[in-house]
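Engineer: Sharing a structure below in structure tokens format, with a few things to ask.
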Amino acid sequence: MNLERKPDLQADLLIIGGGTAGPMAALKAKRKNPALDVLIVDKATVRRGGSICRGMDAFNNVTIPSKATAAEYVDSIQLMSDGIIDPNLSRIIAEKSFAILQELESLGVATFPRYANGEYMVQQFHPRGAFLAEMRGDIKPVMEKLIREAGVRILNRTMASRILTENGRAVGATLLNIRTGEFQVCRAKSIILCTGGQGRFALPDTGYLFGTFDCPYNAGEGHSMIYHAGGELVNMEYNDVSPMLKDYEGPGHSTFIRHGGHLVNSLGERFMAKYAPEMLERAPSGIREQAMRTEVREGRGPIYYDLRHLAKETIQIIKEGIFAAERPTEKQFFEMRGIDIGNDLIEITLSGPNMCGGHGPTGALVDENAETTVKNLFAAGDIASTGWGFVGAAWVFGMIAAETAAELNAKIAWGSIDDTAVQAEYQRLLAPTLLEDGFDPAEMEYKVRRIIKPHLTSPKSQARLESALGQIETFRRDMAKVKVTDSHELMKFAEVDAIIDTLEMAVRTSLTRKESRWGYGHYRIDYPQKDPAWDKHYVVAAKNQRSGCMTTYPKAVPEMRMQEGV
Amino acid sequence: MGIRVDKSKCTGCGRCAEECPGDVIHMNPDTHLPFNKYKNDCWYCGVCEVECPCGAATMEFPCLIV
Ligand SMILES: Cc1cc2nc3c(=O)[nH]c(=O)nc-3n(C[C@H](O)[C@H](O)[C@H](O)COP(=O)(O)OP(=O)(O)OC[C@H]3O[C@@H](n4cnc5c(N)ncnc54)[C@H](O)[C@@H]3O)c2cc1C
Ligand code: SF4
Ligand code: SF4
């Protein structure tokens, strides 16, 4: 294949990733300043890319004033994160989420079912407080239409591969068209990364590389871009392991549990009563994982969802939610397997660990404007450490990042592009196209991802983590033997490189946090207790700009700021 | 796996290939029909099904999922 260098592009604001956070950012930037030149790129398409490509059945984290309070939300996230999430970010999500819900409703992007008395259908999913509103609608095509109408420029099938910096600030990005193999630089005054979580982390139990819970087209390139640009990432040692429908590896947990479903073992026991008698299935995910793994280890597996006690009308609502809005192909799956969710047990598998700021605390360290530790580089959605952000963080921080960037635009001068950095990136992507023979990117990906579950699942140990580091070194060596034949494979080559980066972050931060926290979220067999010295402290993963090597260090989590007038 | 096409209904419009988020589906330049160029990259999302204006596309689960 030919990696053709195309003339540079330019935009006031470059948004990378057009899934959930990206289109909201684009819309809000234009609303703030219609003259702003906004470009959004997505390696899939803005119309259908990302986690909510077919819609979503719930707005998991919206604080509706009559239903819950911001304080309850902050409390819940502090409980789930054991104090390792910036509470100011949770407060912002709580305060701004309801206005977003109302706006999505009035724009016709999504609908929010109500009870007969006119109140929104809201249920409890978090350990404390009711923040989950039922939602319906094929969100993405409507959003895409809105941003086109607002004058946002859209480039589909365009993958960003590196952020270009000048004196610690972002000034542009390198782009690859995954269908044509064209390579391009885009200069920008501000950049918002909305590339989602690391969807392609541990190999799922099926062995299928793309059979993941999180969107597999998000392969952690955003995390990797922030890292190489000099930014900080936190909580990368946290393992997100959720119960997944066996083989399908799709969602069900939040929908089943909020409607009163139970987790049971093979003896039919509602075993969470033993491990979290008050919170039961709503216990923080690391506690739940520890419980499920213990049941399986002690011979009481498999684990199932049991919905057989629920009323027919409730089963109907569950089916509408999952089958019509969230993961519609689950319906076909159940039909093929002959499973009737109201009458049969639903078997679960424990794939993972996954790595996602939407379903956990991992991601880029950001401030209250969603700015990373690299100036003018923002991150919103599953890529950022905003604490179980779900769609709420994507929409709220997508908006805040865009409004901040739009406001600052007039004050930001254009940076200059370092051609040496551009050349280095061009050469990195060119190298696999020049080989006559070599490994397939998919083989390489399999080789990397198959070590994640055995080496990172809790209980973690120093020896297993160090052994993983040794293997990561060989992966880096073997990447030089990967050969690509077309631009689609070149995208995969860049993805595998990002997977290796995120894996190294997870392993090194796991070694650094010499304590146990979050149940099986990070359980070190050699340090089985929580150490108060680690309270309110992140482990940061960052690139040592002098050595070019990965470094990790503790950093204090910000205290809750008193609000003005309080 | 990816898309399964009902040739009697497909008009060759290319919507499925345009929108498949995994870049699985491409159009065959000779037959003007869609095909699964990268069938092992399918997330079984069903976007191809909903984007097809003619009811010609169905999602076929990958081997390891069913
Ligand atoms: C199956 C499933 C069920 C869920 N259920 C719920 C729910 O019921 N309620 C809820 O609130 N939340 C739910 N979530 C979580 C929620 O969907 C996510 O938190 C949210 O959508 C994340 O938005 P995002 O913009 O960060 O990422 P995404 O929406 O995933 O978008 C990321 C985009 O970035 C693009 N991209 C990635 N890398 C690059 C690159 N290098 N260059 C260019 N583009 C790139 C991708 O193609 C994609 O379009 C669910 C998630 C999943 C996967
Ligand atoms: S199901 Fe989704 S990923 Fe698979 S071919 Fe269809 S659109 Fe592409
Ligand atoms: S969208 Fe439907 S009609 Fe159009 S090419 Fe695809 S299968 Fe054929």
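What follows is calculated from the coordinates using simple rules that are stated; it is not laboratory data. For clarity, every value in this text was computed on a predicted model and none was experimentally measured. Note that we place each Cβ from the backbone using ideal geometry, even for glycine, and neighbour counts take in every protein chain shown.
Engineer: For the protein assembly as shown, give the share of DSSP beta bridges that are antiparallel, in percent and rounded to the nearest 5; count only bridges with both residues there. Walk me through the numbers before you get to the answer.
Structural biologist: On the way: 50 of 74 bridges.
Antiparallel: roughly 70 percent of the beta bridges in the protein assembly as shown.
Engineer: Over the range A:56-137, what is the relative contact order in whole percent, taking alpha-carbon pairs under 8 Å and six or more residues apart?
Structural biologist: Computed over the range A:56-137, the figure is 44 percent.
Engineer: Quantify how strongly other chains surround peptide A:40-46 by giving the mean number of their Cβ atoms within 10 Å of each of its Cβ atoms.
Structural biologist: 2
Engineer: Give the calculated FRET efficiency between A:LYS447 and A:ARG297 to the nearest 0.05, with a Förster radius of 25 Å applied to their Cβ-Cβ distance. Please report the intermediate quantities before stating the final value.
Structural biologist: Values: r = 27 Å, r/R0 = 1.10.
My answer for the efficiency is 0.35.
Engineer: Let me ask you something else. Return, in residue-number order, each cysteine of chain B whose C-beta is not under 4.7 Å from any other cysteine's C-beta.
Structural biologist: B:CYS10, B:CYS13, B:CYS20, B:CYS42, B:CYS45, B:CYS52, B:CYS54, B:CYS63
Engineer: Oh, and also: Using 1/(1 + (r/R0)^6) with R0 = 30 angstrom and r between the beta carbons of A:LEU430 and B:ASN40, what's the FRET efficiency to the nearest 0.05?
Structural biologist: Working: r = 25 Å, r/R0 = 0.83.
My answer for the efficiency is 0.75.
Engineer: I want to verify a result. In a Gaussian network model of chain B, Cα cutoff 10 Å, which of these has the top mean-square fluctuation: B:CYS20, B:CYS42, B:CYS54?
Structural biologist: B:CYS54
Engineer: Determine the alpha carbon to alpha carbon distance for each of A:LYS96/A:LYS140; B:LYS9/B:LYS39; A:LYS246/A:LYS447; A:LYS319/B:LYS37 and list only those over 28 Å. Let's see the in-between values first.
Structural biologist: On the way: A:LYS96/A:LYS140 21 Å; B:LYS9/B:LYS39 22 Å; A:LYS246/A:LYS447 23 Å; A:LYS319/B:LYS37 33 Å.
Listed pairs above 28 Å: A:LYS319/B:LYS37.
Engineer: Per DSSP helix of 4 or more residues, -39500 (n - 2.57); summed, then divided by the residues of chain A. What does that give at 222 nm, rounded to the nearest 500? Please report the intermediate quantities before stating the final value.
Structural biologist: On the way: 16 runs with 196 residues, N = 566.
Calculated mean residue ellipticity at 222 nm is -11000 deg cm²/dmol.
Engineer: Right, here's the next one. In what sequence do A:LYS536, A:LYS189, A:LYS312 fall when counting other Cβ within 10 Å, fewest first? Can you show the working numbers first?
Structural biologist: Numbers: A:LYS536 14, A:LYS189 25, A:LYS312 7.
Taking fewest neighbouring Cβ atoms as first place, the list is A:LYS312, A:LYS536, A:LYS189.
Engineer: Counting only other chains, what is the mean number of Cβ atoms within 10 angstrom of the Cβ of each residue in peptide A:198-208? Walk me through the intermediate numbers first.
Structural biologist: Values: counts 0, 1, 0, 0, 0, 0, 2, 1, 5, 1, 8.
Mean partner shielding for this stretch: 2.
Engineer: Using a Förster radius of 35 Å, what is the FRET efficiency between A:GLN423 and A:ASP367 based on their Cβ-Cβ separation? Nearest 0.05, please.
Structural biologist: On the way: r = 32 Å, r/R0 = 0.93.
The pair A:GLN423/A:ASP367 has a calculated efficiency of 0.60.
Engineer: Okay, next question. If packing is taken as the average number of other Cβ atoms within 10 Å across a peptide's residues, how do A:394-400, A:326-332, B:12-18 rank, most packed first? Walk me through the numbers before you get to the answer.
Structural biologist: Values: A:394-400: 28.4, A:326-332: 20.0, B:12-18: 18.3.
Peptide ranking by packing, descending: A:394-400, A:326-332, B:12-18.
Engineer: Rank the residues A:THR420, A:THR386, A:THR111 as a footprinting-exposure proxy: fewest other Cβ atoms within 10 Å of their Cβ go first. Each step should come with its number before you reach the end.
Structural biologist: Numbers: A:THR420 8, A:THR386 31, A:THR111 13.
Ordered by Cβ neighbours within 10 Å, fewest first: A:THR420, A:THR111, A:THR386.
Engineer: Residues of the range A:16-34 with backbone nitrogen within less than 14 Å of a virtual label 7 Å along the Cα-to-Cβ line of A:ALA410, please, listed as ranges.
Structural biologist: Within reach of a label on A:ALA410: A:32-34.
Engineer: If you rank A:SER510, A:SER285 by fewest surrounding Cβ atoms within 10 Å, what's the result? Intermediate values should be presented prior to the final figure.
Structural biologist: Details: A:SER510 26, A:SER285 23.
So the residues, fewest neighbours to most, are A:SER285, A:SER510.
Engineer: Taking each residue of B:30-39 in turn, how many C-beta atoms of other protein chains fall within 10 Å of its C-beta, and what is the average? Before the final figure, lay out each step's value.
Structural biologist: Numbers: counts 0, 0, 0, 0, 0, 0, 0, 2, 6, 0.
Mean inter-chain Cβ contacts per residue within 10 Å come to 1.
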